[in-house]
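The values are calculated or read from the model by the stated rules, or taken from the named source; none is laboratory data. All values reported here derive from a predicted model rather than from experimental measurement. When we count neighbours, we look across all protein chains shown, and the Cβ atoms used for this are built from the backbone with ideal geometry, even at glycine. Please note that ligands, DNA and RNA were not included when accessible areas were found on the heavy atoms of the full protein model with its side chains. Shrake-Rupley method; radii C 1.70, N 1.55, O 1.52, S 1.80 Å.
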Amino acid sequence: MSKIYKNVAVWDARRSKAEFCDVEVEGTEFRTVAPAGSLNGENCFDGKRRTAMLPGFVNAHGHASMTLLRGLGEDLPLMEWLQNRIWPVEDRLNKVFVKAGAKQAMLEMLSTGTTCFADMYFFMDGVAEAVLETGMRCGLSRGMIDDKDGEKLRDNIKLAENFNGAGGGLVSVQLGPHAPYTMTFYMLRNVAEVAISKRLGVQLHWLETKDEWKNTSMSGTMTPEQCLENSGLTRVKQLVLSHCVWLDESRLGFYKKDNITLVNNPKSNLKLGSGVAPVAKYLKAGIKIALGTDGASSNNSLDMWEEMRFAALAQKGYFMDPVQLKAEEALKMATYAGAQALGFDKCGLIKEGWKADFMLVDLDSPQYMGWNEDNLAGYLVYSGSSKDVKTTVVNGKTLYECGEFTTLDKEKVIAEALSARSEMTK
Ligand code: NI
């Protein structure tokens, strides 16, 4: 049976302003998007012109199971934090723990309006199982570090064979070479070859810190862009480059390609002292930009509302110019751009025939006083917050509504994650 959402203010990335609509969802898709007042039916939600319907957020870069490591060692230098606080604990990870951490992350993501997330980590079949049990959409990759014998690449290929397209298309699998400073050129070339032959996307950390390139085995022999070109990574189906704080601004034109998306991670970059990626300039160069939180231990939240606001405010401050990165652009980065980056077709807009991934936002609270169809995007980005999210729907299925999860047992998920964390940190 279809469901009708009446009198909702619809905003998505192709609209210059919101519009009051009636929206019919049937199965996994939006069946009809029509002006308010035109649809009726038995199974009906009335938004009463004080509810917004937005495409679900797509968290385009993260490590979901790092919810287990949140708060371990704060305010430390990056390498000290990684070497002394994070890596020793990660050594004790197993599939059960990773699955528990991913479910914990999904509680947070669903309750804040995220419908889809990118993930790069270990024991990824645990994340795939968690996602299929929950019903979220995701792009999964196996994080590969120092893969001399190709074992990790084989593991990532197996993940793709087992889960790419699983759950009726909810899961996509990418290859996940960690970063240019943890992989050699030859390893990256192998990854690109496999990605091209198997038509897979690639997720990669890219130029996150100022001196990163100097610490790669390629430094001195090629530029970062030559590495991407010569390895073949520019020819993979989708190349998702996260962070990108320290791109050479004279080479921005290189990144303007249909199959390349850069992911902005403003909070993680600020918290780890990596800097501010000048993404307003990247957007002007015609580069595709999505938005992601990174892992919960370097953010420390998985809340895309905060990420949008930080993204917009950081650009205005960095360029000392309030017109940089407008609210509509931040919303587009948080929704449509991420869905495209992870290879999801017909996903990220509220449009007939597209996937019904959306959230309903309650506009009937004090901070929205004065909103209208023209200014809604600004209200959402600068005054809104995740506590306004009432409902989160993925692939036509309600997964979160008014504090309740339909496919996750919140108490059980938290208890299992806590037990995993205790085991790992004792
Ligand atoms: Ni990351």
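Between Thr182 and Glu352, full extension at 0.36 nm per residue minus the direct alpha carbon distance yields a gain of 56.9 nm. For the stretch 241-302, the set of trypsin sites (Lys or Arg not before Pro) satisfying both a DSSP loop assignment and a count of at most 14 other C-beta atoms within 10 Å is given as Lys256. Taking GluC sites (Glu not before Pro) in DSSP loop conformation with at most 12 other Cβ atoms inside 10 Å as exposed sites, the chain has its longest uninterrupted site-free stretch at 75-426.
The loop-placed trypsin sites (Lys or Arg not before Pro) in the stretch 315-348, going by DSSP, that have at most 14 neighbouring Cβ atoms within 10 Å of their Cβ come out as Lys346. Were the residues from Asp211 through Phe20 laid out at 0.36 nm apart, the gain over their Cα-Cα distance would be 63.9 nm. Here the relative contact order of the chain, from alpha carbon pairs under 8 Å that lie six or more residues apart, stands at 22 percent.
Angle of helix 410-425 to the longest C-alpha principal axis of the chain, folded into 0 to 90 degrees and rounded to 10: 20°.
Compute the relative contact order of the stretch 243-315 as a whole-number percentage, counting only Cα pairs closer than 8 Å that sit 6 or more residues apart in sequence.
Values: 100 pairs, mean separation 25.5, N = 73.
It comes to 35 percent, rounded to a whole number.
When the alpha carbon gyration tensor of the stretch 126-193 is reduced to an equivalent ellipsoid, the three semi-axes, largest first, read 25, 10, 9 Å.
An ellipsoid equivalent to the chain, defined through the eigenvalues of its Cα gyration tensor, has semi-axes of 33, 24, 21 Å when rounded to whole angstrom and sorted largest first.
What are the trypsin sites (Lys or Arg not before Pro) within the stretch 1-84 that DSSP puts in a loop, where the Cβ has at most 12 other Cβ atoms within 10 Å? Sites meeting the loop and neighbour criteria: Arg14, Lys48. Couplings 3J(HN,Hα) for the stretch 274-280, derived from phi with the Karplus relation 6.51 cos²θ - 1.76 cosθ + 1.60 (θ = phi - 60°), are 7, x, 10, 6, x, 5, 4 Hz, where x marks Gly and Pro.
Under 5 Å from the amide H of Leu272 lies no amide H of any residue 5 or more positions distant or on a separate chain, with H modelled from the backbone and absent for Pro and chain starts.
Between the helical axis of 151-163 and the dominant principal axis of the chain, each derived from Cα atoms, what acute angle in degrees is found, rounded to the nearest 10? The answer is roughly 20 degrees. Think of a 1.4 Å ball rolled over the protein heavy atoms: the stretch 156-308 then has 35 Å² of accessible area per residue.
Helix 124-134 versus the longest principal axis of the chain: what is the Cα-based angle in degrees, 0 to 90, to the nearest 10? Between helix and principal axis, roughly 10 degrees. Using the Karplus relation 6.51 cos²θ - 1.76 cosθ + 1.60 with θ = phi - 60°, the per-residue 3J(HN,Hα) values for the stretch 245-254 come to 6, 10, 5, 6, 5, 7, 10, 4, x, 4 Hz, with x marking Gly and Pro. The alpha carbons of the stretch 276-426 occupy a box of 47, 39, 37 Å along the principal axes, longest dimension given first.
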